[in-house]
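Enquirer: Please see the structure below; I have some questions.
The values are calculated or read from the model by the stated rules, or taken from the named source; none is laboratory data. The model shown is predicted, which means the values in this text are computed figures rather than measured ones. Glycine gets a Cβ as well: all are built from the backbone with ideal geometry, and neighbour counts include every protein chain shown. Protein only, heavy atoms only, side chains kept; ligands, DNA and RNA dropped before computing areas. Shrake-Rupley method; radii C 1.70, N 1.55, O 1.52, S 1.80 Å.
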Amino acid sequence: MQVRLYNVGGINRELYLSIKKGISIYEAPNAYGKTSLARALISLLTSEITAEDLLNVFSDEGYVEAEIDGKLYYRRFKRIKNRIEEEKKLYMDDKNALLLSYFSPENPLVARILVGDENIEWFISAASKIDEIKKKKENLQYKLGEIKATYDEYQKKYNEAENYMKQLEAINQQLEKLEKDRESIRINTENSIKITKKNRLEDLEKRLEVRQKELREKEAKEKRIEREIEELKKHLNSISKENLLKEIEELNTKLQNLNSKKYNLDVDYRMLGRVLDEIKEADERHLAVCYVCGHEVNPSIWKERLDTIKKELTEVTRQRDEITKEINNIQSTINTITNKLKEIEKYEQQLTNKQKELETYKLEVSEIQKSIETLQRQIRELKEKIEELDTKDLSLSGESELDKRIKELQQQRSNIELELQRIGIPKRIMEELQSFRKNIKDLEDQISTLDREYIRRLTVVKDTFSNLANSLMRDLEFNYTAEIDEKYRIVIKKDNVKMDLKKLSTSEKTAIALVLVLIGLKEYFKSPFFIIDESFMTFDQRRFEKIQKYLSGIVDYTIITKSNDTVQFRNEKLLEPNQIMG
Ligand SMILES: Nc1ncnc2c1ncn2[C@@H]1O[C@H](COP(=O)(O)OP(=O)(O)OP(=O)(O)O)[C@@H](O)[C@H]1O
């Protein structure tokens, strides 16, 4: 076997070893790199020893290579940033290599035997690989535990769901009863509502009829007044009030002039009358002195004067009569016009009154129309409501205590239904539970089968170990026997007296561990080499040679590391000490 190492463990240089079949001894001082070499070789049998364990921490690349029977096995490492990239080809990849190919204080069995742990079930089961059954069983047990936990959860859910279902049933019963109650109340109330509404509709329709009749009458009256107004307007338009007023004004002016003239004539007339009377008197008295100027006059003058005055008086009277006649004519015309004006005013007054009356009617008509619209709208709405009542079951307006309770229960029901949706209905959960039960049963069956198989095989392995251990102990000339009892404890007897493992010496305990490892190696592990760290062993030469001989029959290469002041590697059988190369 050719071995090459570089930057592996504490060996930070290239190391080349040519190892012959049989026994090889590697001697070196402490901390020289013996363990590093052993671990590097073992790492070709198992990936349990990782690249991080192997590559020298100060180096960026390294390798271990071994050519065994013409085939190259290797592990090559390259540090890239914070990780190590590895290329590998292992002779085998079995974690038992650490237990059965390397005997050193690092070996877990050695460590446990040295502290006096008698229970070796784990070792014989790992060595014979029946621990795989145990692991399988443990995996199944773990799975079973998980399923059981889920089963318990589902059981809880089932109980919860059952409880909800009971609540739901109770709520449904209550709801059914309450809804029946409400229905009967609703029907009664609805009927009375319908009757009330129909009565009201009739009443509204009657009121509408009255109002419509009223409207028709008012509209007829309105039309009539409009016609009258038209006529009045026509009549008034035919007369020009302004002309009449103007005419009357002109006549009044004339009348004023005439009256003033007449007044003057009246004054003249009265004055002439008085003069006439005075002249008459003067004539009768034959006055010879003028009573006006005192001058002496002829009394015959009075007669002349009397004629003149009479003539003047007649003229004034004629003029006065003429004017009086004219005045009377004008006055009569004025009276006629005034009468006409009065008549116009009367018509105007009538027109104003009719217009006021029309306004009032129009207002009334518009109010009646509004009230008709309101009534029609009310009737329409009422009819719709009645129709609604006829077509569907209207729920009662306003919320009664009954409604509130129903609502409350419905809310509770929907909450429960939601919860049931979340956790599932009992029937479905029960189906799940049944499937879980089946799974549990299957797993328990598998576990118990594995358990039986494990015990069966463990018993065989235990017997094998017991027998072989005893014969090997005898071969190695130990004066005690080693057996494995039914509880898989190692039982040591000296002269048939049971010895507590703790009481044995370190070399005795180390020997027992070695014997067990050798049996494991021989019976259950096909390793090309076996490495012994001899530094912690205190066997005498004879016994150690026997062990070496025994090993030669099991593995091709036995490599023994020893602490020594000098560095030496030698293949024992060839008896040619090889110098370390590299
Ligand atoms: N991966 C590593 N990187 C760097 N140095 C390491 C590594 N592994 C071990 N060493 C160091 O390398 C040196 C050799 O260690 P190793 O255990 O191989 O020596 P040894 O010869 O078996 O010693 P002993 O006889 O005391 O058991 C030690 O100083 C150790 O601390």
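Enquirer: Once R0 is set to 41 Å, what does the formula 1/(1 + (r/R0)^6) return for the Cβ-Cβ distance between K383 and E231, expressed as a FRET efficiency to the nearest 0.05?
Expert: About 0.35, to the nearest 0.05.
Enquirer: Stokes-Einstein at 20 °C, 1.002 mPa s, Kirkwood radius from Cα pairs: D for segment 239-361 in µm² s⁻¹?
Expert: D = 115 µm²/s.
Enquirer: Tell me which trypsin sites (Lys or Arg not before Pro) from segment 68-122 have a DSSP coil assignment and no more than 10 other beta carbons within 10 Å of their own.
Expert: Filter output for segment 68-122: K81.
Enquirer: Related question: In the P(r) worked out for segment 320-391, what percent of Cα pairs fall beyond 21 Å?
Expert: 65 percent
Enquirer: Set the Förster radius R0 to 30 Å, insert the Cβ-Cβ distance between T449 and D93 as r into 1/(1 + (r/R0)^6), and round the FRET efficiency to 0.05.
Expert: Result of the calculation: an efficiency of 0.60.
Enquirer: Continuing with the same structure: May I ask which residue of F123, L501, T336 lies farthest towards the positive end of the charge dipole of the chain, with charges of +1 (Lys, Arg) and -1 (Asp, Glu) on Cβ and the Cα centre as origin?
Expert: L501
Enquirer: With just the Cα atoms defining each centre, how far is segment 187-265 from segment 287-348? Give it in Å.
Expert: 54 Å
Enquirer: Would you mind telling me the antiparallel percentage of the DSSP bridges in the chain, rounded to 5?
Expert: Percentage antiparallel, nearest 5: 75.
Enquirer: In Å², what does the accessible area per residue of segment 95-162 work out to with a 1.4 Å probe?
Expert: 48 Å²
Enquirer: Which one of V8, I279, N298 is farthest out on the positive end of the charge dipole of the chain, using unit charges on Cβ (Lys, Arg +1; Asp, Glu -1) and the Cα centre as origin?
Expert: It is V8.
Enquirer: Shifting gears a bit: Please list log₁₀ I(q)/I(0) at q = 0.17, 0.19 Å⁻¹ for segment 317-439, using the Debye equation with identical point scatterers on the alpha-carbon positions.
Expert: Scattering profile of segment 317-439, log10 relative to I(0): -1.05, -1.11.
Enquirer: Return the carbon/sulfur percentage of the accessible area of segment 239-361, one whole number, probe 1.4 Å, all protein chains in place.
Expert: The C+S portion of the solvent-accessible surface of segment 239-361 is 48 percent.
Enquirer: With the crude spin-label approximation of a point 7 Å out along Cα→Cβ, what separation in nm comes out for L418 versus E486?
Expert: 6.3 nm
Enquirer: Right, next: Could you calculate the FRET efficiency of L175 with T360 from 1/(1 + (r/R0)^6), where r is the beta carbon distance between them and R0 is 60 Å, rounded to 0.05?
Expert: Efficiency at R0 = 60 Å is approximately 0.40.
Enquirer: Extending each Cα 7 Å along its Cβ direction at N264 and S59, get the distance between those two points in nm, one decimal.
Expert: Going from the N264 label point to the S59 one covers 17.0 nm.
Enquirer: I'd like the carbon and sulfur percentage of the solvent accessible area for segment 420-499, probe radius 1.4 Å, heavy atoms only, ligands and nucleic acids excluded.
Expert: Answer for segment 420-499: carbon and sulfur cover 48 percent of the accessible area.
Enquirer: Magnitude of the Cβ-charge dipole of segment 79-163, K/R +1 and D/E -1, about the Cα centre, nearest 20 debye?
Expert: 320 debye
Enquirer: I want to verify the translational diffusion coefficient of segment 253-305 in µm²/s; compute it with Stokes-Einstein, Rh as the Kirkwood radius over Cα pairs, at 10 °C and 1.306 mPa s.
Expert: 125 µm²/s
Enquirer: Return the aspartates and glutamates within reach of K198: Cα separation strictly under 19 angstrom, same-chain partners fewer than 8 residues apart disregarded; answer none if there are no such residues.
Expert: Leaving aside aspartates and glutamates fewer than 8 places away in the same chain, those within reach of K198 are E190, E209, E381, E384, E387, E388, D390, D393.
Enquirer: Oh, and also: Using a simple charge model, +1 on the beta-carbon of Lys and Arg, -1 on the beta-carbon of Asp and Glu, nothing else, what dipole does segment 239-361 show about its Cα centre, in debye to the nearest 20?
Expert: Roughly 220 debye for segment 239-361.
Enquirer: Take segment 233-279, drop everything but the C-alpha atoms, weight them equally and run the Debye formula without solvent; then report log10 I(q)/I(0) at 0.28, 0.34 Å⁻¹ to two decimals.
Expert: Each listed q maps to, in turn, -0.91, -1.03.
Enquirer: Over all pairs of distinct alpha carbons, what does the Kirkwood formula give as the hydrodynamic radius of the chain, in Å?
Expert: 40.3 Å
Enquirer: Using a probe radius of 1.4 Å on heavy atoms only, what accessible surface per residue do you get for segment 510-578? Whole Å² is fine.
Expert: Here the per-residue accessible area is 43 Å².
Enquirer: Helix-derived [θ] at 222 nm for the chain: sum -39500 (n - 2.57) over DSSP H runs of at least 4, divide by residue count, nearest 500?
Expert: Computed mean residue ellipticity for the chain: -23500 deg cm²/dmol.
Enquirer: Throw me the Rg/Rh for segment 186-236, computed over C-alpha atoms with Kirkwood Rh, two decimals.
Expert: The Rg/Rh ratio comes out at 1.53.
Enquirer: Next up: May I ask you to give the solvent-accessible area per residue for segment 239-361, in square angstrom, as obtained with a 1.4 angstrom probe?
Expert: Here the residues of segment 239-361 average 70 Å² of exposed surface.
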